[in-house]
Every structure is written in structure tokens, then in C-alpha cells.
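Taking it in order: structure first as C-alpha cells, then the write-up.
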Ligand code: AMP
């Protein structure tokens, strides 16, 4: 397990103190430390999954919950009407730098491009 992967696990175990925006039995959401847009939230499963390549049928509920929570947070942060982007990066060519599955929720300004 590398250090980058550990970062999100340390957030979940409260070893790194981060304001948690949302948490339930399956997923947790917090602000990205280096936001690429006015609203930049990361949504992660509570149990470790490294990349999108590692999902299987047992993860359907978690993956569905990640999207549901993205939509909920977008409404709560009032970016739903103007719109937003959700992104999952996978491995090197997908721009994944932290090997703990996460969904980016990006919004708050127009024309957010695929910049990861
Ligand atoms: P990715 O490139 O898809 O793997 O995205 C990883 C994201 O995690 C980047 O947008 C980083 O800014 C973000 N990040 C790294 N460390 C932290 C941290 N301690 N708290 C919140 N976000 C982080």
C-alpha cells in the first residue's frame, strides 16, 4: 500500500482531519484539498477499492450510492441547476494519482473541462 492510497484511509480513520461534508454507511465526501473549481468534492467508498478496474457486482450498491450522494451534494450546494461534472479517473492514462477509488464532483463555474 503506497502513501497516496493511505491519504483517503487516513481521512476515513480521522488521522487526517478534514471537514466531512457527508457520510453514511457506504460512502464519505469531503472537499478536495486542491480544488479545480469553486466546488470540488470527492466522494469515496468507506471500504477500500483501489481503482474502477477493481469493482464487481458486489459493489453495485456502493457505486450507485456514490452517484446519489453526488447528486444530493450538488443540490445542497446549489449547483444542480447550472450543472456540474462527475469524474472518476482510472490508472495512469486516466490521471488517477490516489489509488483509492474516488468520484470528483466539480461545479460552480461554467465550462469545466476535463483537466485531470
Ligand atoms: P485523482 O487525480 O483522480 O487521483 O485525484 C486525487 C485528488 O485527491 C486530487 O484532486 C487531489 O487534490 C486530492 N487530494 C489529495 N490529497 C488530499 C487530501 N488530503 N484531502 C483532500 N483531497 C486530497
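The values are calculated or read from the model by the stated rules, or taken from the named source; none is laboratory data. All of these numbers come straight from a predicted model, not from anything done at the bench. Counting neighbours? That spans all protein chains shown, and the Cβs are built from the backbone with ideal geometry, glycine included.
Could you check how many residues of the stretch 43-60 are closer than 14 Å to residue 23 by Cα and part of a loop (DSSP other than H, G, I, E, B)? Reasoning before the result, please.
So in the stretch 43-60, the residues closer than 14 Å to residue 23 by Cα come out as 43-47.
Imposing the further condition that a residue be part of a loop (DSSP other than H, G, I, E, B) reduces the set to 46-47.
Here the count works out to 2.
If you go through the stretch 61-89 and keep only what is surrounded by 15 or more Cβ atoms within 10 Å (Cβ to Cβ) and in a loop (DSSP other than H, G, I, E, B), you end up with 77, 79, 88, 89. Based on what the data block shows, is residue 107 in contact with a strand residue (DSSP E or B) (Cβ under 6 Å, 6 or more places away or on another chain), more than 10 Å from the ligand (Cβ to nearest atom) and over 24 Å from residue 6 (Cβ atoms)? In short, yes. Just give me the residues in the stretch 40-52 being in contact (Cβ under 8 Å) with a residue 40 or more places away in the chain, surrounded by fewer than 20 Cβ atoms within 10 Å (Cβ to Cβ) and more than 9 Å from the ligand (Cβ to nearest atom), in sequence order. Passing the criteria: 48, 49, 50, 51, 52. The set of residues in the stretch 13-39 that are at pLDDT 95 or above, within 11 Å of the ligand (Cβ to nearest atom) and closer than 19 Å to residue 99 by Cβ comprises 29, 30, 32, 33, 34.
Of the residues making up the stretch 82-102, those that are closer than 17 Å to residue 31 by Cβ and near the ligand (Cβ under 9 Å from one of its atoms) are 87, 97, 98, 100, 102.
Of the residues 78, 101, which is modelled with pLDDT of 95 or more and at positive phi?
Working: 101 fails: at positive phi.
None of the others qualify; the one that does is 78.
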